[in-house]
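All remarks here apply to the structure that follows.
The values are calculated or read from the model by the stated rules, or taken from the named source; none is laboratory data. This is a predicted model, so every value here is computed, not measured. Using ideal geometry, Cβ is built from the backbone for each residue, glycine included, and neighbour counts are taken over all protein chains shown. With ligands, DNA and RNA removed, areas are computed over all heavy atoms of the protein, side chains included. Shrake-Rupley method; radii C 1.70, N 1.55, O 1.52, S 1.80 Å.
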Amino acid sequence: MLPDCLSAEGEQRCRRLLAGATARLRARPAAAAVLVPLCSVRGVPALLYTLRSSRLAGRHKGDVSFPGGKCDPADRDVVHTALRETQEELGLAVPEEQVWGVLRPVHDREKATVVPVLAGVGPLDPQSLRPNPEEVDEVFALPLAHLLQEQNQGYTHFCRGGHFQYTLPVFLHGPHRVWGLTAVITEFTLKLLAPGVYQPRLAGPELPRG
């Protein structure tokens, strides 16, 4: 049974579990930070995603992602980076008191640290947002119930030079495929929000080591 992730009790449980890591990670520099927006869409708990603009440079254009970006020297910490980038990309202002905590960092192919910041953003209509067209092509939400269904979960095996390297989760059957680091962060979030309900099936390491 899906727990009530949006209840006050659910929020306090998550904040308590994340408190130690949040204090440590807010004191450390990082290359980038993303916001993981937990919202309610027509009363249904969901995660909010963006589709990166196809006009962006780099290999991640057109990919599903969470709002976020590179840390600026003027940012106070990774939480400030995630909130600033979310407002710049989506026009969505999230007060710092709505941040629940910081999730386990992930690392891109260049070994740069990306820190996910979980926040409850309340009731939301994704279609009411006005994303920056230079950065975002689309905004959409996936219900937690959808993400937690086994038929919507899969795994991608990555090889290099003909040799297996690592396996990452992928989430299917939504408007767009959620894969790569965004899927890894989604998996971290589901483990936190729905312990015992979400059962990752990876037997090996969850992340590539560089």
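Taking only the range 173-193 into account, find how many residues are part of a helix (DSSP H, G or I) and open to solvent by 10 Å² or more (accessible area, probe 1.4 Å). Residues meeting the conditions: 6.
Taking Glu97, is it open to solvent by 50 Å² or more (accessible area, probe 1.4 Å), assigned to a loop (DSSP other than H, G, I, E, B) and closer than 26 Å to Ala30 by Cβ? When the stated conditions are applied, Glu97 does not pass them. Looking only at residues in the range 39-54 that are touching an Asp or Glu at 6+ places or on another chain (Cβ under 7 Å) and modelled with pLDDT under 95, the one that is least open to solvent (accessible area, probe 1.4 Å) is Ser53.
Filter the range 76-94 down to residues that are without any contact (Cβ under 8 Å) to a residue 24 or more places away in the chain and part of a loop (DSSP other than H, G, I, E, B) and give me whichever is most open to solvent (accessible area, probe 1.4 Å). Applying the filter and picking the extreme gives Arg76.
Taking the range 12-25 as the range and being closer than 27 Å to Glu89 by Cβ, more than 17 Å from the chain's Cα centre (by Cα) and touching a residue at least 12 places away in the same chain (Cβ under 8 Å) as the test, no residue passes. Being at pLDDT 90 or above, under 22 Å from Gly10 (Cβ atoms) and more than 13 Å from the chain's Cα centre (by Cα) is a description that applies to Gln149.
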